[in-house]
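What follows is one structure encoded as structure tokens, with my remarks underneath.
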């Protein structure tokens, strides 16, 4: 048996301690700590726009448990911010609903997903499933109220939102959003502003809340703050096209079409909303770029813009500016057929078609 010196014995003892002890002694390499996902406050962190660390924790949790409902729903919320909602967000919600058909948060998110896509019947079905379990859940009542408002049924929307209030949970940001929207439709912008300010303080990340708050601020004449809210929304949701569209509209109304072009032109090839594309066309026309305006206005029609008569009037103007009077006259005929007034048509004829 080999006899070891005291120095060798001390070195072996230290090596064993480094390998086997939980407390790392001085002189040992500290073992790598395992990643731990902290999601118990995930929704609050999402609403406070603490997104980078939340993304990390969601990824860690899903590596551990790919079917974790909490992580999947947070992934869906993050996908909305990353403009990946329809690719990865929706499947995440569906995965939860498939394994837990009565998961109320998942059903609520599913309802708002369908609402955002304009699928009102499917949205209603999801919200009604939530209310079958929790009849006073504010977010589901607010979702149904939003559908009622889209259909012009303000009375039913009022009843639904009042039901949520009776549950003493009116601090829910979705309830505040749609209650404020109803206040605005009912001609009470001051109360709408109060509610939407509260919603925005609770949830800084939701684009819908920020946009509606900016709209109310514009109605109340506070355009500088409306612009501030929209710019903050753009920073928090850089892939979302609606805040820059709203801000571009604000710039146009302020007599700054160049500012509107600056906001929307970098997004030109990515715009898929008829409203956004038409707004860029208007901005091009106002900055004396009729050829570019015509291209975008035609695109807006293909993408289902709702104000088709007004767009045809703008196309008529663009055609006359490009010395194409016959095209301009044809656009005026189409505009009249789509609801443009005689006064609007005659104003363009008086200006260009002499």
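Derivation of every value follows stated rules applied to the coordinates shown; laboratory data play no part. On a predicted model such as this, the values are computed, not experimentally measured, just so you know. Glycine also receives a Cβ, built like all others from the backbone with ideal geometry; neighbour counts cover every protein chain displayed.
Couple of notes before you dig in:
- Descending semi-axes in Å of the stretch 124-168, equivalent ellipsoid built from Cα gyration tensor: 16, 13, 6
- Sequence ranges 295-306, 68-79, ranked by mean other-Cβ count within 10 angstrom, highest first: 68-79, 295-306
- The stretch between residue 60 and residue 324, if pulled fully straight at 0.36 nm per residue, gains 89.0 nm over its current Cα-Cα span.
- Pair residue 287, residue 94: separation of 7 Å Cα→Cβ label points (nm): 4.0
- Global form of the stretch 230-296, assessed from the alpha-carbon gyration tensor, a/c cut-off 1.5: oblate
- Packing rank of 171-180, 268-277, where each peptide gets the mean count of other beta carbons within 10 Å, highest leading: 171-180, 268-277
- Seen from a random direction on average, the alpha-carbon convex hull of the stretch 185-286 projects onto 6.4 square nanometres.
- When each of the peptides 212-221, 127-136 is scored by the mean number of other C-beta atoms lying within 10 Å of its residues, the order from highest to lowest reads 212-221, 127-136.
- Beyond 24 Å, the tail of the calculated P(r) for the stretch 212-344 holds 31 percent of the Cα pairs.
- The length gained on full extension between residue 155 and residue 191, counted as 0.36 nm times the residue separation minus their Cα-Cα distance, comes to 11.2 nm.
- Spin-label model, residue 132 to residue 41: label points 7 Å out along the Cα-to-beta-carbon direction sit 3.7 nm apart.
- Taking each residue as 0.36 nm, the span from residue 117 to residue 272 lengthens on full extension beyond its C-alpha to C-alpha distance by 54.5 nm.
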